[in-house]
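Trainee: Please read through the structure below; I'll follow up with questions.
The values are calculated or read from the model by the stated rules, or taken from the named source; none is laboratory data. Predicted model, so just to flag it, every value in this text is computed and none were measured. Reconstructed Cβ throughout: ideal geometry from the backbone, glycine too, with neighbour counts over all protein chains shown.
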Amino acid sequence: MASLFTRIINGEIPCHKICEDENYFAFLEIRPINPGHTLVVPKAEVDYFFDVDDDCLGGMMVFAKRVARAVKKGVDCKRLGVMVAGLEVPHAHIHLIPIVGLSDLNFDNQKPAENDDLARIAEEIRKHL
């Protein structure tokens with residue numbers, strides 16, 4: 001059975017897409033730690049981050065860098081934090097989280113976001129790609 005993220009990539013589940021290319025997909029987290037919290041995933045479904053092959057992993061980081069720059073310009077934050085937890089969804093992914101300090105990198109801070117807010121934030125981030 002396809003992972004939640006594969007179903008999002010395939011358009012079976014709606015999302016607020018930031019961007020994609022032939023290998024990677026970036027979209028807003030619906031329960032963000034902070035506004036602009038973005039997930040970057042490979043289109044290839046691999047459960048564990050460190051099982052992603054080297055070329056894909058390197059490409060994903062380069063893709064994430066491009067997305068992170070757009071997120072930082074699109075939302076108010078000091079930096080973009082990066083997290084890889086690997087427990088929430090069995091599909092390798094990177095969290096790009098707008099932060100002011102280290103205490104922002106805490107999944108206990110996640111809250112559901114309103115769809116209209118996500119749409120507005122996604123549009124603002126896409127302007128900077």
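Trainee: Report, by residue number, each residue of segment 23-59 that is β-branched (V, I, T) and assigned to a loop (DSSP other than H, G, I, E, B).
Mentor: The answer is I30, I33, V46, V52.
Trainee: Next question, about the same structure. So which residues in segment 1-22 are in a loop (DSSP other than H, G, I, E, B) and in contact with a strand residue (DSSP E or B) (Cβ under 6 Å, 6 or more places away or on another chain)?
Mentor: Residues of segment 1-22 that are in a loop (DSSP other than H, G, I, E, B), as a first pass: 1-3, 10-16, 21-22.
Within segment 1-22, C15, H16 qualify.
Trainee: Let me spell it out: the conditions are (1) in a loop (DSSP other than H, G, I, E, B); (2) touching a residue at least 24 places away in the same chain (Cβ under 8 Å); (3) touching a helix residue (DSSP H, G or I) at 6+ places or on another chain (Cβ under 8 Å), and K111 meets all of them except one. Which number is the exception?
Mentor: Checking K111 against (1) in a loop (DSSP other than H, G, I, E, B); (2) touching a residue at least 24 places away in the same chain (Cβ under 8 Å); (3) touching a helix residue (DSSP H, G or I) at 6+ places or on another chain (Cβ under 8 Å), the one that fails is (3).
Trainee: Continuing with the same structure: Out of the residues in segment 82-109 that are modelled with pLDDT of 95 or more and touching a Lys or Arg at 6+ places or on another chain (Cβ under 8 Å), state the one that is surrounded by the fewest Cβ atoms within 10 Å (Cβ to Cβ).
Mentor: Taking the candidates together, the pick is I99.
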